[in-house]
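Encoded as structure tokens, the structure appears first; notes follow it.
What follows is calculated from the coordinates using simple rules that are stated; it is not laboratory data. Every value quoted in this text rests on a predicted model; they were computed, and no experiment measured them. Backbone-built Cβ (ideal geometry, glycine too); neighbour counts: all protein chains shown.
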Amino acid sequence: MKNLKTLAAAAIAAVLLTPVVHAQTTTDPGQMNGVKMAQTTAATDMTDGEVRKIDMEAGKVTLKHAEIKNLDMPGMTMVFVVKDKAMLDKLKTGDKVKFKAINESGKFTVTEISPA
């Protein structure tokens, strides 16, 4: 009887101390194991903006922009460096644009820009 109690206590302890793993399945391609995966489509990366000023010599553009999600930045007007000065050739003040921006070593840089 003592062995039976010891065996039962050991079995209960094993069950209680064993980590429980819950498997989750989903048919949603945007989720994996119950965790929402980040969507990185081109449309979600583009931000709406309006050209306010162009500085060809410095390679900068001032944009009034909507929220920039990948930078966690609210809408505002600010100066951006452009990755390639040639991007500025096709812009003029007042143009409505869609653009992508990144934080590159502390400088907010436009990597793509096109008419809206």
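Just a few scattered comments:
- Remark on Ala101: its backbone amide H falls under 5 Å from those of Thr111, a criterion applied only to residues 5 or more positions apart or on other chains, H modelled at 1.01 Å from N.
- Within a straight-line Cα-Cα reach of under 18 Å, Lys69 can be paired with the following aspartates and glutamates, leaving aside sequence neighbours fewer than 8 residues apart in one chain: Asp45, Asp48, Glu50, Glu104, Glu112.
- With each label modelled as a point 7 angstrom along the Cα→C-beta vector, the Glu67-Lys96 pair spans 2.0 nm.
- Our coupling estimate for the stretch 75-85, obtained by passing each phi through the Karplus curve with A = 6.51, B = -1.76, C = 1.60 and θ = phi - 60°, is x, 5, 10, 7, 8, 10, 7, 9, 4, 9, 4 Hz, Gly and Pro reported as x.
- Extension gain for Lys53 to Ala86 (0.36 nm times residue separation, less C-alpha to C-alpha distance): 10.3 nm.
- Dimensions in Å of the stretch 42-115 - Rg and Dmax from alpha carbons: 10.9, 31
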